[in-house]
Amino acid sequence: MITLKNPVQIAKMREAGALLYEVLQAVKQAVRPGVTTGGLNRLAEDLIRKHHATPSFLGYEGFPASLCTSVNDCVVHGIPSDRQVLREGDILSLDCGLVLDGWQADSALTIPVGEASAEALKLIAVTERCFFEGARAAVKGNRLGDIGHAVQTLAEANGYGVIRDLTGHGIGREMHEEPAVFNFGLPGHGQRLYPGMTIAVEPMIAMGDWHLSQDDDGWGMRTVDHSVCSHYEHTLAVGEDGLPEILTLPGFDWKELDDGTDTL
Ligand code: MG
Ligand code: MG
């Protein structure tokens, strides 16, 4: 069942989203060669609790941390560890979720550790752009396939693989609600989008082939061909008219995007 949110509920999700943005920015600032992913996890959890929110990943189906830290060929669900030291040139996905006053936010980004290769930086930039192209399709009257098609078209135009095994999702009181939001699809197909739908759109893109295997820890998802991956996610709300509000990117204005990033 898809739950539509009213403006009061979306306002709550906006607060949760703004806090999650602050947390992810702080963690991002702490990333440099030599730090451990375990340390980043503690930073995220401390910030979430300091603001009287709850980390939604911790304990979710047994996940042992508040932050997913996925390095290089690991696309999602990497478990942070004090033994995992980040190295110059790695690319790191940070995925975090929290619940504030009963409402969830979920967001992820990928960044280079120190200086990464031009190829890796392009993958990161294209993945972000895939998100915005998908999000742009999240308007009243469109269908989920329009979102997936937009993500897939840009990723594949750049020769990348779209991860099929994992999807975005509805979000609200629960972190994972219906519907599943695929990163591939056909325009005009799938669930119709209604005002008040709140969804996490999260392209997961591999530089090479998209097939994944699971790590022995039962969590980390890694490309079989070991090509590096990028992940970018925001929680957004479908509006009555116009483009969606991106709840985990406070102050974002679609006009800035259209003015600034037409190079991909
Ligand atoms: Mg996430
Ligand atoms: Mg998510």
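Residues checked against (1) hydroxyl-bearing (Ser, Thr, Tyr); (2) surrounded by fewer than 24 Cβ atoms within 10 Å (Cβ to Cβ); (3) modelled with pLDDT under 95; (4) part of a loop (DSSP other than H, G, I, E, B):
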position	(1), (2), (3), (4)
Ser107	yes, no, no, no
Ala120	no, yes, no, no
Ala125	no, yes, no, no
Phe131	no, no, no, no
Gly145	no, yes, no, no
Glu178	no, yes, no, no
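Conditions tested, residue by residue: (1) surrounded by 22 or more Cβ atoms within 10 Å (Cβ to Cβ); (2) under 30 Å from Leu4 (Cα atoms).
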residue	(1), (2)
Gly168	yes, yes
Gln191	no, yes
Ala200	yes, yes
His226	no, no
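When Leu212, Leu249 are checked against the criterion of being more than 15 Å from ligand 1 (Cβ to nearest atom), in contact with a strand residue (DSSP E or B) (Cβ under 6 Å, 6 or more places away or on another chain) and under 25 Å from Phe57 (Cβ atoms), Leu212 stands alone in meeting it.
Any residue at all in region 64-87 that's more than 20 Å from Val228 (Cα to Cα), in a helix (DSSP H, G or I), open to solvent by less than 50 Å² (accessible area, probe 1.4 Å) and among the small types (Gly, Ala, Ser)? No: zero hits.
If the condition is being within 16 Å of ligand 1 (Cβ to nearest atom), over 26 Å from Thr54 (Cβ atoms) and not in a loop (DSSP other than H, G, I, E, B), then region 148-176 contributes only Val151. Do we have any residue at all in region 151-164 that's within 24 Å of Tyr60 (Cβ to Cβ), open to solvent by 10 Å² or more (accessible area, probe 1.4 Å), under 17 Å from the mean Cα position of the chain (by Cα) and of a type outside the set (Ser, Thr, Tyr)? Yes, some residue in region 151-164 is within 24 Å of Tyr60 (Cβ to Cβ), open to solvent by 10 Å² or more (accessible area, probe 1.4 Å), under 17 Å from the mean Cα position of the chain (by Cα) and of a type outside the set (Ser, Thr, Tyr). Just to be sure, is Ser230 part of a strand (DSSP E or B), without any contact (Cβ under 8 Å) to a residue 24 or more places away in the chain and either of a type in the set (D, E, K, R) or closer than 24 Å to Asp90 by Cβ (or both)? Spelling it out, it is not the case that Ser230 is part of a strand (DSSP E or B), without any contact (Cβ under 8 Å) to a residue 24 or more places away in the chain and either of a type in the set (D, E, K, R) or closer than 24 Å to Asp90 by Cβ (or both).
Scanning region 180-199 for residues that are within 16 Å of ligand 2 (Cβ to nearest atom) and either polar (S, T, N, Q) or not in a strand (DSSP E or B) (or both) yields Phe182, Asn183, Met197, Thr198.
Note on region 109-118: among residues that are of a type outside the set (A, V, I, L, M) and open to solvent by 10 Å² or more (accessible area, probe 1.4 Å), the one that is nearest to ligand 1 (Cβ to nearest atom) is Pro112.
Restricting attention to region 1-30, the residues that are closer than 21 Å to Glu88 by Cβ and either surrounded by fewer than 20 Cβ atoms within 10 Å (Cβ to Cβ) or in contact with a Pro (Cβ under 8 Å, 6 or more places away or on another chain) (or both) add up to 3.
Here Leu236 meets the list (1) modelled with pLDDT under 95; (2) not in a loop (DSSP other than H, G, I, E, B) almost entirely, failing just condition (1). Across region 46-63, the qualifying residues are those that are open to solvent by 20 Å² or more (accessible area, probe 1.4 Å) and touching a helix residue (DSSP H, G or I) at 6+ places or on another chain (Cβ under 9 Å), and the one among them that is nearest to Glu202 (Cα to Cα) is Leu58.
The values are calculated or read from the model by the stated rules, or taken from the named source; none is laboratory data. What you see is a predicted model, and the numbers here were worked out from it, not measured in a lab. As a convention, Cβ positions derive from the backbone with ideal geometry for all residues, glycine included, and neighbour counts pool all protein chains shown. For the accessible areas, the whole protein counts, side chains as well, though only heavy atoms, and no ligand, DNA or RNA atoms are used. Shrake-Rupley method; radii C 1.70, N 1.55, O 1.52, S 1.80 Å.
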